[in-house]
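Here is the structure we will look at.
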Amino acid sequence: MRTYSFLRVLLWSCTFHMIHMMPSQKRTNKHSHSERIMEFSENDGKTLHRTKRGWMWNQFFLLEEYTGPDTQYVGKLHTDHDKGDGNLKYILTGDGAGSLFIIDENTGDIHAAKKLDREEKSLYVLRAKAIDRKTGRQVEPESEFIIKIHDINDNEPKFTKDMYTASIPEMSVVGTSVIQVTATDADDANYGNSAKVVYSILQGQPYFSVDPETGIIKTALPDMSRENREQYQVVIQAKDMGGQMGGLSGTTTVNITLTDVNDNPPRFPQRTYQFSSPESAPPGTSLGRIKANDPDVGENAEIEYSISNGDGSDMFDIVTDKNTQEGIITVKKHLDFENKVLYTLRVEATNAHPDPRFLQLGPFKDTALVKISIEDIDEPPVFSRPWYLIEVDEDAKEGSIIGQVVAQDPDIAKNAIKYSVDRHTDLDRIFNIYSGNGSLFLSKPLDREETPWHNITVIATEINNPKQSSQIPVFIRILDINDHAPEFANYYETFVCENAKAGQLIQTVSAVDKDQPLRGHKFFFELVPEFAVHPNFSIVDNKDNTAGIMTQRNGYSRSKMGTYLLPIIIFDNDYPIQSSTSTLTIRVCACDSQGNMQSCNAEALLLPAGLSTGALVAILLCIIILL
């Protein structure tokens, strides 16, 4: 039997790489289905004998990133068919064969031609065969083996972002989480500590800290105020090898912004403000602005202004400008220098959105004193009333004084005033005024029934300064005098039937009066004295400003009297009593049994000729017969 030294060669190859290899108990011969099984037996206890032929190699290991001067030796392939005479040729195929891995076809030595990177590829699967140079036939079946690349710590940790941005409310408690940063290491996490990352803070202390294992950044100081400092730049380091010396590291920057909370009350920069206003300023006039400062921002800095007290709280107002957060002081009522020259207001500025968490820091409001001085202005005359109402009897005589208007200069100078009537309001020049004292008098007679009201305008002007003038409306009401007599309200067309009975109502009359007595109208009706005892008709006063006309006998004849004239006297009850006589015309008409009129005037015109109805009918019949 033949004895071979393949085991010695294999052990030599493995010993060369022992420092980077796996433990020896893990390195076993791995054979494909085409490999031959190596068996050894003991002969006399001295010599090992091999019973079968086969390849001689094991799994190979190789360091990544090799930087030596020579190519890196991987291992050696050998078969027991190799007699050392160069008759066999070794061929290598598979991953990287010929480019990354080169085999000596005569000896079977394998070298790595290039530097390898485990992070790009961690193992290579290759196939080997040995052929006879003379015959070209394989002396062993093709077999497969593996080259594993051992990791070295050649990759530093890398953060997922080059820069992080985070924010956190100011005044947050210690330990409040801000943001989590994450770094990864491309080295083998299953081999040593090359990929074990530990976080630490290089910049940003003592304000922030970082959890070494999770990378969570937290606040480290209490009561950090945005108003003192808003921006922080924190530099975080991630180091592999568990943070030990010699480990590789990477850094990232975290920009942290403190966001605002309402932890500051508004404050006036000064305790007292002074403004002035002319007394002529109309309501709504802006006098000035005041502003309380609030270092907060956004809605936390919104301020509401109000007047808490002061002797000018009724005369002035303050509104908030939402854009500038200023308080605008405005005039609320008309001012009068002669009445008061100085007002004092106490203005309060309050946070519009207080935060209950910080109320213990103090009242979130502030007050300031505002003094407003009133400036005197040369004002026009002021009338004693906003308007005047004058009542005058319509029978007032020309030249009669009917009333007076009064105006005065409100200024301290008290300039003299002259009065006049605006003639555009009194085109007929019915009224006039004494320029010195404002007394109004009549220039023409009045007639209430024609014009019951007169609306005129009186002008008051300063004598020393005619530009200063004012005007006032004067309403003149003409009071009624009983100077008109009542008369029939309508024109009445009254008739009486020939067959009327005595005591029958044939007409109701009413009256009107142009006068307007204060107690209202009251009319009385009666016949004129010479008709007081009238044989044909009578009148009955209904006591409601109407009267009824009654028949006095039975039957009326158109042939005898076709029309009756009935004079009626109408009295009023005012002083002096006025009366008038109106005549009622009553026609006699033919009526049916129901009292409905059938004919009046047509037949009445024929009656004076002495022709009766029967005669007319007879004449018509004769004409028809002749025809």
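The values are calculated or read from the model by the stated rules, or taken from the named source; none is laboratory data. Values in this document were obtained by computation on a predicted structure and should not be read as measured data. For neighbour counting, all protein chains shown are included, and Cβ atoms are generated from backbone atoms with ideal geometry for every residue, glycine included. All accessible areas refer to the heavy atoms of the entire protein, side chains included, with ligands and DNA or RNA removed. Shrake-Rupley method; radii C 1.70, N 1.55, O 1.52, S 1.80 Å.
A few points about this structure:
- Tabulated pairs, the range 156-172, first farther than 14 Å from residue 231 by Cβ, second of a type outside the set (A, V, I, L, M, F, W, C) and open to solvent by 70 Å² or more (accessible area, probe 1.4 Å), C-beta under 8 angstrom, 6+ apart or interchain: 157/184; 158/184; 159/251; 160/184; 171/223
- Residues in the range 78-124 that are open to solvent by less than 40 Å² (accessible area, probe 1.4 Å) and of a type in the set (A, V, I, L, M) were compared, and the one that is farthest from residue 147 (Cα to Cα) is 88.
Each row is one residue, and each column tells you yes or no for (1) open to solvent by less than 40 Å² (accessible area, probe 1.4 Å); (2) under 18 Å from residue 406 (Cα atoms); (3) not basic (Lys, Arg).
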residue	(1), (2), (3)
427	no, no, yes
435	no, yes, yes
446	yes, no, yes
452	no, no, yes
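- Identity of the residue in the range 499-551, of a type in the set (Gly, Ala, Ser) and over 30 Å from residue 449 (Cα atoms), that ends up least open to solvent (accessible area, probe 1.4 Å): 500
Yes/no per residue for (1) of a type in the set (Val, Ile, Thr); (2) assigned by the TED database to the domain that holds residue 412; (3) under 26 Å from the mean Cα position of the chain (by Cα):
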residue	(1), (2), (3)
290	yes, no, yes
300	no, no, yes
313	no, no, no
333	no, no, no
349	no, no, yes
362	no, no, no
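- Residue in the range 350-365 that is open to solvent by less than 40 Å² (accessible area, probe 1.4 Å) and at positive phi present: yes
- Taken as a whole, the range 283-298 holds at least one residue that is open to solvent by 20 Å² or more (accessible area, probe 1.4 Å) and in a helix (DSSP H, G or I).
- Residue ID - farthest from residue 288 (Cα to Cα), chosen from residues in the range 299-330 that are open to solvent by 70 Å² or more (accessible area, probe 1.4 Å) and assigned to a strand (DSSP E or B): 309
- Members of the range 440-457 found to be in contact (Cβ under 8 Å) with a residue 40 or more places away in the chain and in contact with a Ser or Thr (Cβ under 7 Å, 6 or more places away or on another chain), listed by number: 441, 442
- Any hit, the range 229-238, residues being farther than 30 Å from residue 303 by Cα and of a type in the set (Asp, Glu): no
- When restricted to residues that are within 30 Å of residue 575 (Cβ to Cβ) and outside any strand (DSSP E or B), the range 461-512 contains 11.
- Considering residues of the range 154-170 that are more than 30 Å from residue 222 (Cα to Cα) and crowded, with 19+ Cβ neighbours inside 10 Å only, the residue farthest from the chain's Cα centre (by Cα): 155
- Where residue 201 falls short, out of the listed (1) part of a strand (DSSP E or B); (2) more than 21 Å from residue 247 (Cβ to Cβ); (3) of a type in the set (A, V, I, L, M): (2)
- Across the range 444-457, the qualifying residues are those that are outside any loop (DSSP other than H, G, I, E, B) and touching an Asp or Glu at 6+ places or on another chain (Cβ under 7 Å), and the one among them that is nearest to residue 397 (Cα to Cα) is 456.
- Residue 195 fulfils the conditions (1) of a type outside the set (Asp, Glu); (2) open to solvent by 50 Å² or more (accessible area, probe 1.4 Å); (3) closer than 19 Å to residue 252 by Cα except for a single criterion, (2).
- Among the residues of the range 560-599, those identified as outside any strand (DSSP E or B), open to solvent by 80 Å² or more (accessible area, probe 1.4 Å) and not aliphatic (A, V, I, L, M) are 560, 575, 593, 594, 596.
- From the list 190, 228, 255, the lone residue that is at pLDDT below 95 and under 30 Å from residue 357 (Cβ atoms) is 228.
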